[in-house]
Amino acid sequence: MRATIRNTLVAAALVAPLGAAQAAPTMQLAQNNTGPNLFALYQQIQQLQQQVRNLNGQVDTLQYQLDQQKQGQRDLYQDIDKRLAKLESGAAGRAGSSSDGAPRGAGGQTGPVDPAVQSAYMAGFNKLKDGDYPAAIDAFKAFVAEHPETALTPNAWYWMGEAYYVQQKPDAARQSFETVVNRFSASPKVADSLYKIGLIQASSGNDDNAQATFERVISQYPDSDAANQAKSQLSGDNG
């Protein structure tokens, strides 16, 4: 009798991972056996299988979140790579320049950028380059509070949004990007900010709004890098 129970349990353990359809003969055997605990043990095996499936689902979810974070980092690094040489060569002091070369501030105002202002801005940007996103956010927050209307202020808001974006904080990121769009309409960062807003809308499932935002980037800033990226998003060529 004990040998029969033991053999049946072994069969159940071997067959159970193959699925409910293939496990049916084992279940029937368990029901027909006179061992009082055999069917209960079989149910435990089924419960363990369900737990494994649940864990596999959680792993898949975590992998997806990790992939999204990596994509956000790649977007950030690509953007940094395109601008880093200019910033480190001193072009940061001319960010948002008007056609006559004078830096343009909020509302189209012009004027020189104070070296101390540029130094404070670069302190935050250097933290961003180093991957210290919380410190970069703190530095940019301090910068925009102390320097709310300089030529570099929209840049600080934009990079603050990027740091939030990489940290998977879409609401805070969107608020920063929208600040650029709504308060600094003359800034060259508006096109990039709109594009990132479109990405956040798309990742949140707001496909119609995302499409409208990408189309706005293409329409209003047709010669920008952001417009090319927006076209790729609309065409589905996101690789």
- request: Among the residues of region 134-148, write down those that are open to solvent by 20 Å² or more (accessible area, probe 1.4 Å) and under 18 Å from the mean Cα position of the chain (by Cα).
  value: 134
message: Considering only residues that are over 30 Å from residue 150 (Cβ atoms) and part of a loop (DSSP other than H, G, I, E, B), which ones fall in region 182-219?
response: 204, 205, 206
query: What's the number of the condition residue 222 fails, among (1) within 28 Å of residue 235 (Cα to Cα); (2) open to solvent by 30 Å² or more (accessible area, probe 1.4 Å); (3) part of a loop (DSSP other than H, G, I, E, B); (4) in contact with a helix residue (DSSP H, G or I) (Cβ under 9 Å, 6 or more places away or on another chain)?
result: (4)
statement: Residue hits (region 176-188; over 15 Å from residue 213 (Cα atoms), open to solvent by 10 Å² or more (accessible area, probe 1.4 Å) and not β-branched (Val, Ile, Thr)) are 183, 185, 186, 187, 188
message: So for region 220-228 (the condition being touching an Asp or Glu at 6+ places or on another chain (Cβ under 7 Å) and free of Cβ contacts under 8 Å to residues at least 60 places away in the same chain), does at least one residue qualify?
response: yes
query: Which pairs do you get when a residue that is touching a residue at least 60 places away in the same chain (Cβ under 8 Å), found in region 167-182, comes within reach of a residue that is in a loop (DSSP other than H, G, I, E, B), reach meaning Cβ atoms under 6 angstrom, with the pair 6+ apart or on two chains?
result: none
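The values are calculated or read from the model by the stated rules, or taken from the named source; none is laboratory data. As the structure is a prediction and not an experimental result, all values here were calculated from the model. Counting neighbours? That spans all protein chains shown, and the Cβs are built from the backbone with ideal geometry, glycine included. The area values use the complete protein model at the heavy-atom level, side chains included, leaving out ligands, DNA and RNA. Shrake-Rupley method; radii C 1.70, N 1.55, O 1.52, S 1.80 Å.
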